[in-house]
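Participant: Got a structure for you, written out below as structure tokens; questions coming shortly.
The values are calculated or read from the model by the stated rules, or taken from the named source; none is laboratory data. Predicted model, so just to flag it, every value in this text is computed and none were measured. Note: ideal-geometry Cβ built from the backbone for every residue, glycine included; neighbour counts use all protein chains shown.
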Amino acid sequence: MPRDRFRRETSEDGGSHMSDVRVRFAPSPTGTLHIGSARTALYNFLFARHHQGVMVLRVEDTDLKRSRREHEVSIIRDLHWLGLRADEGPDVDGGYGPYRQSERTALYEDGVQRLLETGWAYRCFCTQERLDALKREQLARGEMPKYDRLCLNQSLETVRARLRAGEEATVRFKVPAGDVSFDDLIHGPITFSADVIGDFILRRTDGGFAYNYAVVVDDAGMKITHVVRGEDHITNTARQLMLYRALDEPAPAYAHHSLILGPDGGKLSKRHGATSIGEFRDMGYLAGAVVNYLALLSWHPGGEREKFTLEELVAEFDMSRVSKSPAVFDLDKLNWLNGLYIREMGSAELSEQVRPYLHEEGIALAEGQRDIVSAAIQSNLVVLEDAPRYARVFVEELSLPASVHLEVLHEEGVAGVLALLREALAGGGDEYPPVEEAKAILKQVADACKDKGIKGKAIYKPLRVALTGLDQGPELFYLVSGLGRSRILERLDAALTYLDERGSA
RNA sequence: GCCCCCAUCGUCUAGCGGCCUAGGACAUCGCCCUUUCAAGGCGACGGCGGGGAUUCGAAUUCCCCUGGGGGCACCA
């Protein structure tokens with residue numbers, strides 16, 4: 001069975017290359033970019049890029065009450081952050097605009113007039129009350145709610161008269177009888193019976209246009225070849241296909257991907273925690289990790305690889321390998337991937353990334369400290385937001401007597417160990433000695449200790465407590481390197497003084 | 001209620017009639033490494049929803065059931 005059923009030849013140029021694929025991502029600017037929408041955008045992007053096609057961004061702001069320009073701006077910003085830049089959209093003209101539905105009403109109106117003229121649509125004067133009652137009755141009878149076509153066969157004169165009398169009317173589409181089917185790129189063949197579809201509204205009494213209709217006018221007008229969207233639109237497809245036929249426009253191919261579910265199997269929502277891209281970004285998830293995770297959520301190229309850059313995803317992406325079943329959002333796996341990406345960063349880059357998070361918690365690192373601290377905490381980080389928690393030890397003041405681990409210093413020979421490090425550092429040098437140097441210093445201390453029969457834990461535990469007051473933290477050499485020579489000496493002195501006073505007491 | 005879609009470890013998935021004693025990853029647990037926390041290495045646990053049918057042979061094909069998801073608006 002051929003898996004390249006989405007291939008279309010461009011007949012005009014002899015089919016020498018794949019047709020110019022055009023996909024669109026069409027968010028409503030009624031909120032921020034949701035994790036689910038981001039995945040839809042990603043699949044569109046991957047598909048378009050894989051086929052050297054174009055992705056257009058269309059803003060579906062038909063609902064003027066809920067749509068806001070600031071949301072449009074934030075959605076675009078979030079897409080850019082993910083690396084998903086549309087080739088055409090409100091901010092990049094590609095000759096198929098305008099790219100906001102609110103600016104396309106003339107096009108919708110034209111289409112409605114055409115449908116009215118060709119008999120594919122008709123005016124409906126039914127009131128909301130009548131429609132509500134009708135629906136109630138049908139439901140009570142166990143039938144599927146569906147418009148009963150009361151207004152279908154009015155004469156032209158009647159219609160004109162009622163319109164002239166000022167009666168409000170909607171325009172309905174006259175749903176043709178028969179089956180509608182299409183070959184979904186992900187699901188395969190899907191068929192609907194027109195019996196279950198009522199004559200739906202194209203234009204509302206307030207002059208606004210219905211989603212299912214506007215989408216078709218737009219996709220046709222923008223020469224969209226492939227519609228990649230969520231499964232929640234699968235039933236809309238039947239209506240839209242009918243409209244293409246009525247408008248005499250070629251229909252695009254469809255790919256309906258599954259939805260993302262929460263850990264409880266329900267639709268992913270706020271109660272499951274963070275759901276917007278912005279929230280993840282703010283917590284310190286990396287764009288690459290989020291993209292990688294989202295791609296793997298219901299898609300896999302086969303093989304055992306788990307890590308893919310956006311470019312690699314583009315190269316590997318294959319719509320026929322997108323899973324049909326819904327996927328549960330698994331924060332654990334995202335966390336793992338994010339940690340993986342963080343660990344692969346260079347310490348200079350990590351320093352940069354982590355800086356605002358440290359700043360926010362009032363942690364200001366000295367110039368020479370930054371990269372050392374980054375390297376020290378790198379393997380502990382799941383998200384950048386974790387940084388202050390681990391970096392704090394490098395800047396915090398220490399009151400040794402307050403430490404709950406004081407008794408570690410009470411062991412035999414501790415004063416000697418501390419004195420050795422003191423000695424090794426007292427010679428002077430960089431305030432923040434390079435890690436290699438710190439390692440050498442500690443080696444020197446350890447060697448000297450060995451001669452006195454002290455080793456392992458007996459060396460390192462007291463040093464750690466004397467330097468930080470804690471029994472856990474970064475590798476000791478990172479502390480020696482990143483804490484600052486003068487501060488270390490101060491702390492060793494303080495510990496030594498403490499031991500001294502304790503001994504003489 | 002009606003229509004549509006889906007169904008492999010807890011989770012994401014590989015699998016497209018024999019390579020399956022069902023592979024990988026996350027999570028969990030254990031061991032190792034290690035001065036601590038991590039990271040890393042090794043290992044363990046764990047799954048084809050149920051029932052029929054086709055076939056020499058079914059996780060893979062077909063039917064029914066069950067379960068889950070989505071849709072049925074003058075929302076998008």
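Participant: Among the residues of region A:236-267 satisfying the criterion of being in a strand (DSSP E or B) and within 19 Å of A:Ser181 (Cβ to Cβ), which is farthest from RNA strand B (Cβ to nearest atom)?
Facilitator: So the residue we want is A:Ala253.
Participant: Continuing with this model, one more query. Which numbered condition trips up A:Pro27, out of (1) closer than 23 Å to A:Ser258 by Cα; (2) of a type outside the set (Asp, Glu); (3) in a loop (DSSP other than H, G, I, E, B); (4) away from RNA strand B (no atom under 15 Å from the Cβ)?
Facilitator: (4)
Participant: If you don't mind, another one. Could we say that A:Gly221 is modelled with pLDDT of 95 or more, under 25 Å from the mean Cα position of the chain (by Cα) and among the small types (Gly, Ala, Ser) here?
Facilitator: Considered against the rule, which asks whether it is modelled with pLDDT of 95 or more, under 25 Å from the mean Cα position of the chain (by Cα) and among the small types (Gly, Ala, Ser), A:Gly221 comes out as no.
Participant: Something else about it: Hey, among the residues in region A:317-332 that are near RNA strand B (Cβ under 6 Å from one of its atoms) and part of a helix (DSSP H, G or I), which one's surrounded by the fewest Cβ atoms within 10 Å (Cβ to Cβ)?
Facilitator: A:Asp332
Participant: OK, next. Suppose we keep only residues that are among the β-branched types (Val, Ile, Thr) and in a helix (DSSP H, G or I) within region A:268-316. Which one would you say is surrounded by the most Cβ atoms within 10 Å (Cβ to Cβ)?
Facilitator: A:Ile277
Participant: Please work out if A:Ala495 is under 29 Å from A:Asn380 (Cα atoms), buried (at least 17 other Cβ atoms within 10 Å of the Cβ) and away from RNA strand B (no atom under 14 Å from the Cβ).
Facilitator: Yes: the conditions hold for A:Ala495.
Participant: Please verify whether region A:43-64 includes one or more residues that are of a type in the set (S, T, N, Q), within 27 Å of A:Gly273 (Cβ to Cβ) and more than 10 Å from RNA strand B (Cβ to nearest atom).
Facilitator: Yes, region A:43-64 has at least one match.
Here is a yes/no grid of residues against (1) more than 8 Å from RNA strand B (Cβ to nearest atom); (2) among the β-branched types (Val, Ile, Thr):
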{"position": "A:Phe173", "(1), (2)": "yes, no"}
{"position": "A:Phe182", "(1), (2)": "yes, no"}
{"position": "A:Thr191", "(1), (2)": "no, yes"}
{"position": "A:Gly207", "(1), (2)": "yes, no"}
{"position": "A:Thr225", "(1), (2)": "yes, yes"}
{"position": "A:Arg229", "(1), (2)": "yes, no"}
{"position": "A:Ile234", "(1), (2)": "no, yes"}
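Let's see how each residue does on (1) part of a loop (DSSP other than H, G, I, E, B); (2) crowded, with 18+ Cβ neighbours inside 10 Å; (3) in contact with a helix residue (DSSP H, G or I) (Cβ under 8 Å, 6 or more places away or on another chain):
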| residue | (1), (2), (3) |
| --- | --- |
| A:Leu420 | no, yes, yes |
| A:Glu423 | no, no, no |
| A:Pro433 | yes, yes, yes |
| A:Lys450 | no, no, no |
| A:Lys455 | yes, no, yes |
| A:Lys461 | no, yes, yes |
| A:Asp471 | yes, no, yes |
| A:Pro474 | yes, yes, yes |
| A:Phe477 | no, yes, yes |
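A quick yes/no check of all residues on (1) in contact with a Pro (Cβ under 6 Å, 6 or more places away or on another chain); (2) part of a strand (DSSP E or B):
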position: A:Val180; (1), (2): no, yes
position: A:Asp183; (1), (2): yes, yes
position: A:Gly207; (1), (2): no, no
position: A:Tyr213; (1), (2): no, no
position: A:Val216; (1), (2): no, no
position: A:Ala220; (1), (2): no, no
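Participant: With respect to A:Val395, determine if the residue is more than 22 Å from the chain's Cα centre (by Cα) and touching a residue at least 60 places away in the same chain (Cβ under 8 Å).
Facilitator: The answer is no for A:Val395.
Participant: A:Glu396: closer than 19 Å to A:Leu82 by Cα, of a type outside the set (Val, Ile, Thr) and in contact with a Ser or Thr (Cβ under 9 Å, 6 or more places away or on another chain), yes or no?
Facilitator: No, not satisfied.
Participant: A further question on this structure: List the residue pairs whose Cβ atoms are under 7 Å apart, where the first residue sits in region A:354-370 and is without any contact (Cβ under 8 Å) to a residue 24 or more places away in the chain, the second is among the hydrophobic types (A, V, I, L, M, F, W, C) and exposed (fewer than 12 other Cβ atoms within 10 Å of the Cβ), and the two are 6 or more positions apart or on different chains.
Facilitator: Here the result reads none, with nothing in region A:354-370 linked to a residue that is among the hydrophobic types (A, V, I, L, M, F, W, C) and exposed (fewer than 12 other Cβ atoms within 10 Å of the Cβ).
Participant: If you don't mind, another one. Could you grab me the full set of residues in region A:369-385 that are crowded, with 20+ Cβ neighbours inside 10 Å and either in a helix (DSSP H, G or I) or over 26 Å from the mean Cα position of the chain (by Cα) (or both)?
Facilitator: A:Gln369, A:Arg370, A:Asp371, A:Ile372, A:Val373, A:Ser374, A:Ala375, A:Ala376, A:Ile377, A:Gln378, A:Leu384
Participant: How about region A:317-342: which of its residues are touching a residue at least 24 places away in the same chain (Cβ under 8 Å) and under 23 Å from A:Val21 (Cβ atoms)?
Facilitator: Result: A:Phe317, A:Asp318, A:Met319, A:Ser320, A:Val322, A:Ser323, A:Lys324.
Participant: Also, I was wondering about something else. In region A:454-505, what count of residues is obtained for those that are among the basic types (Lys, Arg) and touching a Cys at 6+ places or on another chain (Cβ under 8 Å)?
Facilitator: Going through region A:454-505 one residue at a time, the tally reaches 1.
Participant: Could you say whether any residue in region A:209-217 is near RNA strand B (Cβ under 9 Å from one of its atoms), surrounded by fewer than 19 Cβ atoms within 10 Å (Cβ to Cβ) and over 29 Å from the mean Cα position of the chain (by Cα)?
Facilitator: no
Participant: Can I ask one more? Of all residues in region A:121-156, how many are within 8 Å of RNA strand B (Cβ to nearest atom) and not in a helix (DSSP H, G or I)?
Facilitator: So the count comes out to 10.
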